[in-house]
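First the structure, in the form of C-alpha cells, and then the observations on it.
The values are calculated or read from the model by the stated rules, or taken from the named source; none is laboratory data. These figures come from a predicted structure and were not determined experimentally. Please note: Cβ atoms are built from the backbone with ideal geometry, for glycine as well, and neighbour counts cover all protein chains shown.
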Amino acid sequence: MRKADLIMALAMGIFSIYLMWKSAELEIGWIDEEGPGGGAFPFWLSAGMLLCCIWIIVRWVRRETEVSRSLEPFMEAGAFRLVAVVVIALTTMVGLTHWIGMYLSIPLFLLFYLRVLGRHSWLQTLSTALLAPVVTFLFFEIALRKTLPKGITEEWFYPLYDIFM
Amino acid sequence: MGDILGLLLGGFAIALEPTNLMLIVVGCAVGLFIGAMPGLGSVNGVAILLPVTFLVPPTGAIIFLGAIYYGAMYGGAISSIMLGIPGASTAVATTFDGRPMALRGDADKALVTAATASFVGGTISVVLFTLFAPPLADVALAFGTAEEFALMCLAFATFIGLGGDDIPKTFFSIFIGLVMSAVGLDIVSGQPRLIFGDITGFLHGINFLVLAIGIYGIGEMLWTIETSQKGVTVSQANVTLKRIVEGFKTMGATLKTTVMGSFLGYFVGILPAAGATPGSLMAYGVARSLAKDPASFGKGNPEGVAAPEAANNAASTGSMLPMLTLGIPGSPTTAILLGGMVIWGLEPGPMLFIDHQGFVWGLIASLYAANLFALIINIAFIPAFVWVLKLPFTLLAPLIFVLCLVGGFVPTLDMHDVWLMLIFGVVGYLMRKLDYPMAPAVLAIVLGPLAETSLRQTLIQSSGDIFVLFQRPISGPLMFIAVALFVWPLVKILWDRRKQTAK
C-alpha cells in the first residue's frame, strides 16, 4: 500500500504538470476586454492538482495517513490475478469491437466470462451469450435508433434493416 | 399554499399517465433489484441505466430514474439483513441491528420494519420537499453569476469540511473533475484546448457519463469482484401474510424513531458531501442515544433498523432539493441526474420551475407514487429478492460490463468514449483503493462548465476583481461559509497538534 500510494501521487503529479503545459497553449493570463484567457481555468486547476500531489507526498513522507503507513500488499495475489484477467477481457472486448463489431465481441466476452471465470453450464453460458446481443439489438437499434459499431459484420445486418427499419 | 397543491395535482396527472406509471413500477422493481445486489446502489443503477432512458421523453426518463433511486434505497436493506453485507453504502447502518434480527429468526420482521420505515421516511421527506422547493426556487431566481459560483464553491467546500476523507485527496478529486470538464472547446473563444495530441474524440469534451459509468459501473464491479471473493450465507426469511401483519403492528413502537430519522436524513441529505450514508449513520447514533435501553442496540433492536432506513430514504429526497431548485446536486446520484437533464436539453436550476413545470411537478408527484409502489413491491416480493441474493455474481458482472460498454457508446456514438470509460474505470478503481474519494470528481465534471462560465462572467463584470464574490449580499455569506469549510480541517489539525505538544 505504502509504495502504491507514492507511485500514484507521483504519477498524478506528472500528469498535472502535463495538463498545465497543455493548458498553457491557450492564454492563461488576463486578456483586456475579454477577461481571463481560455487556458486560465484548467491551468490554475491543474496547478492545484500538482499542489495536492505534493501535499500527499509530504504526508506520505511523514506517514500521516493510514495508506501511507500500511505495509500490506496493494492487492492479494489471487485478487490481482482475477481483476487483471477481467480488465484484459474487457480491453479485448472493446478492442475487438472496432474490428468485428459489438454483436460478436459481446457474445465472445460473455462466453469467456461465464464459462471460464464463472464455470457456468454450457446451457446457461450459451443462452446468455446469444440472448444478450439480440436484446441489445432490439433495444438500442430498433427502439432507440442508435447504430452500434458492427465492423466486418455490417453486411449481415442488411436483411434485418429491411425488416425493421 | 393553494398554488402548490394545484401544481402538485397537475404533477399527479402527469405521473399517473399510463406510460409514466409503468415507468414508476418498473423503476421501483429495478431499483429494488439493484439495491439488493451487494455492492450496487442507487448511484450505480442510475449511472448504468441513464443511457437506456433515451427511449422516453425527459419527464418519463427522470421519473424512471427517480423510481430507481427510491427502489435502491429500499433494496439496500434487503442484503444488509439477509447477508449481513450492506447492499449499498447507504445501508451500512441497517446491518447493525438488521443482521442480528435475521440471525435470531426475525428476518421477515426486520425486512418489514425496514420497508415501512423507508416508506415513512420517503413520505415525510417528499412532503417537506414539496413545501420547500418552490420558495427556494423563487429565491434562487434572483441569483446572478457570482451567486452561482459561490454556491458551487460551497458545494465543493462541504466535501472538504464535512466529507471526512483525506483532505489533499479530496481536493485533488475536485480539481481533476473540473479540469476534465474543461476539455474540448473553450466556451468563450471557441478554441480547442486539452485535446491531447489532437485526438478528435476530445473535441466534443469529456461527457460526464463516461466518467460516471467508468467509476460507478466498471470501477465498482472491479471493486466488488475483488472484495466478494469469499462466500456468504443467506438467511432464511419465513414470510407469511400473518407475520407481515404482525410486522406492521410493531410499526407503532418504532414510529418515533422513524420520524426522527426522516427529518434528520432529509436535512443531512441536502448537503452535497453528506447524503444518505452519513445521514443513516447519524440517525442510528441519535436513535441509540435517545433510546431507553441503548444496550439493546446492535443486538437486534427494530428501532436500529427503522432509524437508518427512514434516514437514507429521506436523504435521497433531500439531495434532490438543491438539484432541482439551485442546480447544485446534493449527492453523486443527483449529480448524474443533473447531467442527464443537460443531455435531455433542459437547463437545471430555478428556471425549471417556470419553464418546465410539468417536468418538475411530474417528478415530485412521481416520488409520492414511487414510494408507495416500492413499499408494495418490496413486501410482496420478499421471496423474489431473497432469490436475487443467491444469483451468482459471475452471471451478473459480465452483463453489467456489457451494459456499460453499450451505455458508454450510445450517448455520443463514439468508440473514443468507450476507451476513455474503460481507462477511468480502472484508474478510478486503483485510486479508490488508495482512499481517493470519487464523488467529488463526478460532481465537479457535472458542475465544471457552469462553474467556469459563472466565474469568468463574474470576473468580466468586475473587471478582474475576484473579491466581488465576497461583497455581494448573497454570494458574500456563501463564500465566507465556503472558505470556513475549506479552512476548518486545517484549523482542526493545528489545534490537535497544539494540544498534543501542550501535553
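General observations
- Pair list, Cβ < 6 Å and 6+ apart or interchain, from the stretch B:262-284 residues that are farther than 12 Å from residue B:90 by Cα to residues that are outside any helix (DSSP H, G or I) and not hydrophobic (A, V, I, L, M, F, W, C): B:270/B:330; B:272/B:330; B:273/B:163
- Search result, residues across the stretch A:52-77 that are outside any loop (DSSP other than H, G, I, E, B), at the interface with chain B (Cβ under 8 Å from one of its Cβ atoms) and within 26 Å of the chain's Cα centre (by Cα): A:52, A:53, A:56, A:67
- Condition broken by residue B:349, with the remaining ones in (1) touching a residue at least 60 places away in the same chain (Cβ under 8 Å); (2) part of a helix (DSSP H, G or I) satisfied: (2)
- Of all residue pairs spaced 6 or more apart or on separate chains, those with beta-carbon atoms under 8 Å, a first member in the stretch B:461-481 that is farther than 16 Å from residue B:157 by Cβ and a second member that is among the aromatic types (Phe, Trp, Tyr) and not in a loop (DSSP other than H, G, I, E, B) are B:464/A:30.
- Taking the criterion of being surrounded by fewer than 22 Cβ atoms within 10 Å (Cβ to Cβ) and facing chain A (nearest Cβ under 7 Å), the residues of the stretch B:407-421 that qualify are B:410, B:413, B:415, B:419.
- Test: residue in the stretch B:299-311 that is acidic (Asp, Glu) and surrounded by 24 or more Cβ atoms within 10 Å (Cβ to Cβ): yes
- Residues of the stretch B:442-463 satisfying the condition of being within 11 Å of another protein chain (Cβ to nearest Cβ), closer than 22 Å to residue B:275 by Cα and touching a Gly at 6+ places or on another chain (Cβ under 6 Å): B:444
- In this entry, residue A:110 passes the filter for residues that are under 30 Å from residue B:400 (Cα atoms), facing chain B (nearest Cβ under 7 Å) and either touching a helix residue (DSSP H, G or I) at 6+ places or on another chain (Cβ under 6 Å) or free of Cβ contacts under 8 Å to residues at least 12 places away in the same chain (or both).
- Within the stretch A:2-34, the residues that satisfy the criterion of being within 8 Å of chain B (Cβ to nearest Cβ), surrounded by fewer than 20 Cβ atoms within 10 Å (Cβ to Cβ) and not charged (D, E, K, R) are A:4, A:26, A:30.
- In the set B:330, B:265, B:269, B:298, only one residue is in a loop (DSSP other than H, G, I, E, B) and under 24 Å from residue B:361 (Cβ atoms); that residue is B:330.
- Residue within the stretch B:55-66 that is of a type in the set (Ser, Thr, Tyr) and at pLDDT 90 or above present: yes
- Candidates A:85, A:94, A:116, filtered to the one that is under 30 Å from residue B:435 (Cβ atoms), more than 7 Å from chain B (Cβ to nearest Cβ) and among the aliphatic types (A, V, I, L, M): A:85
- Selection of the stretch B:182-197 for residues being more than 15 Å from residue A:24 (Cα to Cα) and either at the interface with chain A (Cβ under 7 Å from one of its Cβ atoms) or crowded, with 24+ Cβ neighbours inside 10 Å (or both) yields only B:188.
- The set of residues in the stretch A:39-82 that are under 16 Å from residue B:434 (Cα atoms), surrounded by 18 or more Cβ atoms within 10 Å (Cβ to Cβ), out of contact with any Lys or Arg (no Cβ under 8 Å at 6 or more places or on another chain) and of a type in the set (A, V, I, L, M, F, W, C) contains only A:53.
- Helices (runs of 4 or more DSSP H) contained in the stretch B:11-116 and holding at least 3 residues closer than 30 Å to residue B:250 by Cα: B:18-36, B:58-82, B:92-103
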